[in-house]
Amino acid sequence: NLEKKWIINESERYYLNFKQQITLTKEEQDFVNTHTIKASVSEEWQPFSFKSENNKAVGISSEYWALIAEKLNLKNKDIFYDTFTKQLESIKYKSADVIYSAGETAQRKEYAIFSKEYLTFPISIVTKKDENFIENISNISDKKIAVGNNFTAHNILKNTYPGMKFILVKDVKEGLALVSENRAYAYVDIKPTLLYNITKYNFD
């Protein structure tokens with residue numbers, strides 16, 4: 001129910017989950033007071049996190065992080081990366097402190113700690129309109145599948161289908177272009193990202 005989920009008036013609009021106070025220990029508060037949190041942000045992962053024309057972090061996940069930073073009075077610095085692999089490396093090698101839009105996988109848990117998830121979306125498959133409906137990824141395991149290098153979908157697929165042929169791409173636009181040009185049978189990513197980029201780049 002929308003009315004119960006959101007508080008809306010002239011001066012504020014916020015999600016009820018963010019209404020509650022966050023209580024920090026003295027040690028945590030001391031850390032917040034003396035540290036700047038370096039956030040690893042993608043330059044191009046619409047609509048979740050990306051770089052605006054005036055070099056600000058924008059998108060759905062960026063707005064969640066902004067709410068948390070405001071509530072905790074965090075000093076925050078955005079560091080932008082042009083590939084997700086570089087983002088992951090920034091956490092692994094501690095040049096950044098947090099990524100606020102990354103799925104939990106066994107490989108990443110070796111060097112990162114994950115919060116409770118705040119958003120979940122299905123991983124989906126996109127192919128040409130004249131192809132048959134794809135009920136399950138196993139139906140096309142013998143095809144060339146484009147997927148973002150080190151993206152969550154890539155990690156899940158390579159663990160589940162180790163024999164699958166992947167074409168690793170830098171970003172969603174490149175993956176969709178490969179499908180459009182018949183150089184890949186399908187591209188796999190989370191549904192909102194697929195829908196946003198199909199519309200943005202006119203992949204009709």
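The values are calculated or read from the model by the stated rules, or taken from the named source; none is laboratory data. Owing to the predicted nature of the structure, the values given are computational and were not obtained by experimental measurement. Positions of Cβ are generated from backbone atoms using ideal geometry, with glycine treated the same way; all protein chains shown enter the neighbour counts. The area values use the complete protein model at the heavy-atom level, side chains included, leaving out ligands, DNA and RNA. Shrake-Rupley method; radii C 1.70, N 1.55, O 1.52, S 1.80 Å.
Structural remarks
- In segment 169-188, the residues that are within 7 Å of Ala146 (Cβ to Cβ) and modelled with pLDDT of 95 or more reach residues that are among the aromatic types (Phe, Trp, Tyr) and surrounded by fewer than 21 Cβ atoms within 10 Å (Cβ to Cβ) with C-beta atoms within less than 9 angstrom, at least six apart or across chains, in these pairs: Val179/Tyr185; Val179/Phe203.
- The condition (being in contact (Cβ under 8 Å) with a residue 40 or more places away in the chain, in contact with a helix residue (DSSP H, G or I) (Cβ under 8 Å, 6 or more places away or on another chain), open to solvent by 50 Å² or more (accessible area, probe 1.4 Å) and not basic (Lys, Arg)) is satisfied by just one residue among Ala96, Ala146, Ala106: Ala106.
- The conditions of being over 21 Å from Ala177 (Cβ atoms), exposed (fewer than 11 other Cβ atoms within 10 Å of the Cβ) and of a type in the set (S, T, N, Q) are not met by Asn139.
- Taking segment 35-58 as the range and being over 25 Å from Lys191 (Cα atoms) and either hydroxyl-bearing (Ser, Thr, Tyr) or outside any loop (DSSP other than H, G, I, E, B) (or both) as the test, the residues that pass are Thr36, Ile37, Lys38.
- Any hit, segment 173-194, residues being touching a Leu at 6+ places or on another chain (Cβ under 7 Å) and more than 24 Å from Ala106 (Cβ to Cβ): yes
- Tally of residues being open to solvent by 40 Å² or more (accessible area, probe 1.4 Å) and part of a helix (DSSP H, G or I) across segment 62-88: 8
- Among the residues of segment 89-127, those identified as in a loop (DSSP other than H, G, I, E, B), out of contact with any strand residue (DSSP E or B) (no Cβ under 7 Å at 6 or more places or on another chain) and acidic (Asp, Glu) are Glu104, Glu110, Glu117.
- Selection of segment 149-166 for residues being touching an Asp or Glu at 6+ places or on another chain (Cβ under 9 Å), surrounded by 14 or more Cβ atoms within 10 Å (Cβ to Cβ) and not in a helix (DSSP H, G or I) yields Phe151, Met164.
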